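Asker: Quick one: the structure is below, questions incoming.
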Amino acid sequence: MTAAVPHAPPAAPMTPHPFVVQRALPETDDTFTLELAADRGFEPLAFRPGQFNMLYVFGVGEVPISISGDPATPQTLVHTTRVVGATTRAMRQLKRGDQLGVRGPFGTAWPVEEAEGQDVLFVAGGIGLAPLRPALYRVLSRRERYGRVVLLYGARTPDDILFRRELRNWRADFDLEVHVTVDRATREWRGNVGVVTALIPRVPFDPRNTVALTCGPEVMMRFTVLELQRRGVEPEHVHVSLERNMKCAIGLCGHCQLGAEFVCRDGPVFPYARVRRLLDVREL
Amino acid sequence: MTDPHGLAPLLADHPFFRGLKPEHLATIAGCASNVRFDAGAMIAREGDEATQFYVIRHGTVAVESFAPHAGPVTIQTVSAGDILGWSWLLPPYNWQFSARAQDLVRAIALDGTCLRGKCEADHDLGYELLKRFAEIVAQRLSATRLQLLDLYGQTPARP
Amino acid sequence: MATVEYTATLVPAPRLQAVFDALIRRGWTVLGPVRTDGVIAYGPVASTADLPEGWGDAQDGGQYRLVRRDDAAWFGFAVGPHSWKRYLHPPAFRLFRAERTDGRFTVDPGIDEPPRLALLGVRPCELAAIARQDRVFLGGPFADPVYRRRRDRLFVMAVECTAPAATCFCASMGTGPGADAGYDLKLTELVDADRHEFVIVAGSRAGADILDEVGAKPASQDALAEASRRMEAAAAAMCRTMPGDARGVLRRQLEHPLWEEIARRCLACGNCTMVCPTCFCTTIEDTTDLTGRSAERWRRWDSCFTAEFSYIHGGSVRRGTAARYRQWLTHKLAGWHDQFGESGCVGCGRCITWCPVGIDLTAEVAAFRTADAASSP
């Protein structure tokens, strides 16, 4: 079971702390990564994989973005984001030396400790690979504690594949199976074409001893769970990361509610069994 | 008809044929042969008569369509464990898409024309095969719909 | 923990002014009911002369009128559009100011020093509402310092209800018309042709000190019995009730066509959320001045009825009014239980009165209950 509260909840959770951009990297057409360091006099932000920060662009706005870096090296705070509105558009313009306000970390974490001793299946769709990456880092850093480790990743087109170099390294260096597929191929693409759920039947794993972590658009996660269930993985062992409108990130503004769950505080990582009924009701 | 190539055990192993009566399996095996395609080889061409379907045992096959301005576009890939081709089942018995081996592909080819005849003669066999193909088509349709939704696009379509 | 039992006192109406004076001397700002803009709202009161003597209210679905009473009661009404929520959970609050120079910015949360407020005329339903919001803002993993500071600087004078409105249903919610706890002083008004006095009992040391200073005499058995009688009469006079097990019923009927039927009437105006004493949703607004050098972040009341409330990725999760009304009602009567261990509704009836089309949540829950009973095996 995922714990509800991070190690050390921020003392003044409504005040952004200044972080400075160390590197700004474009990833694809609409996705970019910012590597941040805490400004002078401020502590690095220790976090657990799956948590998110509220990122503030001075005078523009604030958005919730999952942390996508390595929890073992919190001195570099990494966020990979898609441009979806005014604030993320402004974030993309940031350069080395620019400042960003950071509030966090908030939310629940991927159950990487609880998964020790089992097979771990990561199923990522689109930008969903970014919130899963910290969990991958964590699992790979203690590789001997896990059984089979598999990453299934679906991207829109080959040009939208994130962390390409890392994917190749993971496949090459570690005892980690990596399967990538795209919804739409280009002329040159020689890999899989089709939905990421189609990769699931191809991977041998023990459904009774597997923890599945999935992140991506809600429709994709629903179908992923269906496919995993077909393989015999119980919904209690599948964990999803949900998104809702967030303003305060501390469970007090009411915006992120899904049923009685505050996604910012009881999530964003949930065991699927806990939210299954809620996701089934339209416009809940 | 006996199993000239001894493929019944191989077929029995495959999830698609699981649960079939031994005599049905033998009948199907009677229409089966072992094939292999080198990387890049065309397995089927759009428009050609669909006389066979394939049980992929190894390798990846790209299901393609040819667009004049874009050349061949891969719509889906199927690989080991998947079934390729159902156009042999329904008139006009022509391949709707092309299929090309992306790498070395080993498969069991099944003679569709031969099997069709056997299904007409033995409706039980026909029903068993149609049940299984219906499931495959349903899965492919579901997968295709998900691709259509363009979930990772800028403004994802909502269900 | 031993509960202190305070002696009930009887205070003649003219003497109530002494309570005001004692509070003002101690530096409290007294807020109480005042007649303004055709309603009884809450505002500063310096003396008993400011109270709406002889006024009552007639309320029903979508209706509110002040009416003249035939006595000189100072608290002869139920509740108006204001609740005390605005003083503990301010409608607008600046979270910080920020200044930018040369690409670096500093954030200044500022100093928050709210005034010390003595609230006169807090109805039992409102005491319950404050208790609900205490749980929300102070009971979770992240407490709200804005609420905390205001909550710590409060003197509460409860007034029991002897004249419930037609929209009140606190009795069925277990939150009124009388109160047992949560106040510094509790007043019960006894008024008719021959008398005007108050049974006042302290609920805290601070309240007891005020009573001592005023020299209040113990109340007689008659007075206490009269007070009891009026409370019973008030409870019996209520004509609306919330059906039992609203929580279970609504949870089971999340997809019932009745929601769409309500949506045909509901304007999604959000009045209910504004007047509700327990609704707590807020939004965060980031602004900047024209030079781009100064920025502010404000926290403001928000309503789950707005189209953007559930906005994500280019659209809203709750697109239609039915979904939004359902969110409000099920959060209030069901989700609140899971989140805070109790119902979010205190039976004050404001949402019924101030709904422009008079939607009555007690009637809607009754309708869902009928549907629920019909659908179960």
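Asker: Between A:85, A:101, A:97, A:107, which is buried (at least 22 other Cβ atoms within 10 Å of the Cβ), at the interface with chain C (Cβ under 9 Å from one of its Cβ atoms) and out of contact with any helix residue (DSSP H, G or I) (no Cβ under 9 Å at 6 or more places or on another chain)?
Answerer: A:101
Asker: Hey, can you tell me all the residues within region A:217-260 that are out of contact with any Pro (no Cβ under 8 Å at 6 or more places or on another chain), closer than 17 Å to residue C:311 by Cα and surrounded by fewer than 24 Cβ atoms within 10 Å (Cβ to Cβ)?
Answerer: If the condition is that a residue be out of contact with any Pro (no Cβ under 8 Å at 6 or more places or on another chain), closer than 17 Å to residue C:311 by Cα and surrounded by fewer than 24 Cβ atoms within 10 Å (Cβ to Cβ), then A:218, A:244, A:245, A:247, A:253, A:254, A:258, A:259 are the ones that fit.
Asker: Just name the residue that is surrounded by the fewest Cβ atoms within 10 Å (Cβ to Cβ) out of those in region C:63-100 that are among the hydroxyl-bearing types (Ser, Thr, Tyr) and under 25 Å from residue C:200 (Cα atoms).
Answerer: Across region C:63-100, the extreme among qualifying residues is C:87.
Asker: Within region A:246-272, which residues are of a type in the set (A, V, I, L, M) and at the interface with another protein chain (Cβ under 7 Å from one of its Cβ atoms)?
Answerer: A:250, A:252, A:260
Asker: Of everything in region C:143-162, what is in a loop (DSSP other than H, G, I, E, B) and crowded, with 20+ Cβ neighbours inside 10 Å? Give them in sequence order.
Answerer: C:144, C:160, C:161, C:162
Asker: Run down C:135, C:100 and say which single residue is assigned to a strand (DSSP E or B) and within 14 Å of another protein chain (Cβ to nearest Cβ).
Answerer: Unique residue meeting the criteria: C:100.
Asker: Run down C:181, C:227, C:263, C:268 and say which single residue is in contact with a Ser or Thr (Cβ under 6 Å, 6 or more places away or on another chain), under 30 Å from residue C:353 (Cα atoms) and in a loop (DSSP other than H, G, I, E, B).
Answerer: After applying the criteria, what remains is C:268.
Asker: Okay, moving on. Every residue in region C:237-260 that is of a type in the set (A, V, I, L, M, F, W, C), over 22 Å from the mean Cα position of the chain (by Cα) and not in a loop (DSSP other than H, G, I, E, B), please.
Answerer: Result: C:249, C:250, C:258, C:259.
Asker: For region C:279-335, enumerate the residues that are among the hydrophobic types (A, V, I, L, M, F, W, C) and more than 9 Å from chain A (Cβ to nearest Cβ).
Answerer: C:290, C:298, C:301, C:305, C:307, C:328, C:329, C:333
Asker: While we're on this one: Would you point out the residue of region B:73-99, among those that are free of Cβ contacts under 8 Å to residues at least 12 places away in the same chain and away from every other protein chain (no Cβ under 11 Å), that is farthest from residue B:116 (Cα to Cα)?
Answerer: Only one residue tops the list, namely B:92.
Asker: Now, a different point. Anything in region C:101-112 that is of a type in the set (Asp, Glu) and either touching a residue at least 12 places away in the same chain (Cβ under 8 Å) or buried (at least 17 other Cβ atoms within 10 Å of the Cβ) (or both)? List them, or say none.
Answerer: C:108, C:112
Asker: Then there's this: What's the total number of residues in region A:168-215 that are assigned to a loop (DSSP other than H, G, I, E, B) and either within 14 Å of another protein chain (Cβ to nearest Cβ) or touching an Asp or Glu at 6+ places or on another chain (Cβ under 9 Å) (or both)?
Answerer: 15
Asker: Look at residue A:135 and say whether it is among the small types (Gly, Ala, Ser), surrounded by 23 or more Cβ atoms within 10 Å (Cβ to Cβ), at pLDDT 95 or above and part of a helix (DSSP H, G or I).
Answerer: Answer is yes for this residue.
Asker: Mind checking whether some residue in region B:145-153 is under 30 Å from residue A:31 (Cβ atoms) and exposed (fewer than 15 other Cβ atoms within 10 Å of the Cβ)?
Answerer: yes
Asker: From the list B:121, B:70, B:134, which one is farther than 20 Å from residue A:156 by Cβ, without any contact (Cβ under 8 Å) to a residue 24 or more places away in the chain and more than 18 Å from the chain's Cα centre (by Cα)?
Answerer: B:121
Asker: With the checklist (1) within 23 Å of residue A:265 (Cβ to Cβ); (2) touching a residue at least 40 places away in the same chain (Cβ under 8 Å); (3) small (Gly, Ala, Ser) in hand, flag the one item residue A:24 doesn't pass.
Answerer: (1)
The values are calculated or read from the model by the stated rules, or taken from the named source; none is laboratory data. These figures come from a predicted structure and were not determined experimentally. Here the Cβ is made from the backbone with ideal geometry for all residues, glycine too, and neighbour counts use every protein chain on show.
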